[in-house]
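Let me begin by presenting the structure, written as structure tokens, before commenting on it.
Bear in mind that the values in this text are calculations on the coordinates, not laboratory data. What you see is a predicted model; the values in this text were computed from it and never measured. Cβ placement follows ideal geometry from the backbone for every residue including glycine, while neighbour counts extend to all protein chains displayed.
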Amino acid sequence: MARIFVSYAREDAETAEKLVTRLRGWEHEVWWERALRPGTNWSDSSESELQRADCVVILWSLHSIASPWARIEAHYALQNDCLVPLRLDDSEIPDEFRALQTIDLLSTPLDQIDAQLSVAIQSVTRKRRRIRHWVLAAVAC
């Protein structure tokens with residue numbers, strides 16, 4: 001299964017927790033901010049987990065759009081073709097992320113959200129693993 005990094009604003013922690021529970025129920029390995037142990041350096045730990053992730057799920061909301069950390073994480077994922085965006089409210093998604101198909105939790109019927117999310121994670125994960133394979137093959141030569 002996929003290694004998933006969940007990016008969100010603290011104000012959206014309740015929704016993030018529901019998502020993490022759901023993803024873990026699908027047997028994905030999920031990292032999110034609450035996985036940090038006391039005394040751990042947040043930026044070092046999150047950067048390491050971000051680089052190791054097959055997929056980054058961003059929860060776009062009024063709060064995460066204003067969060068520099070969420071935008072940095074989303075930008076990294078966008079550059080590395082591993083971003084799966086979810087929209088929590090009717091706020092405008094930042095321009096650089098609008099080209100990606102976003103799962104809109106406001107307008108998508110509940111019975112379709114799981115299917116869309118599952119397909120998006122599988123697609124991104126396959127692409128990310130292929131890229132890693134090519135990089136490792138190139139380094140080995």
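Laid out as a table, the results:
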| read-out | value |
| --- | --- |
| Distance between modelled label sites at Arg10 and Trp69, nm, 7 Å Cα→Cβ extension | 0.8 |
| Segments 105-118, 86-99, 11-24, 62-75 sorted - mean Cβ within 10 Å per residue, highest first | 62-75, 11-24, 86-99, 105-118 |
| Amide proton proximity set for Ser91, modelled H, under 5 Å, gap of 5+ | Leu62 |
| Point-to-point label distance, Ser48-Trp26, nm (Cα→Cβ direction, 7 Å offset) | 2.7 |
| Label-point separation, Asp114 to Leu100 (7 Å along Cα→Cβ), nm | 2.4 |
| Backbone HN-Hα couplings from phi across the stretch 62-72 [Karplus 6.51/-1.76/1.60, Hz, Gly and Pro as x] | 3, 6, 6, 4, 7, 8, x, 5, 4, 5, 4 |
| Net lengthening on full extension, Asp81/Gln122 (0.36 nm per residue, minus Cα-Cα) | 13.5 nm |
| Estimated FRET transfer efficiency (Asp89, Glu17; beta-carbon r; R0 22 Å; 0.05) | 0.80 |
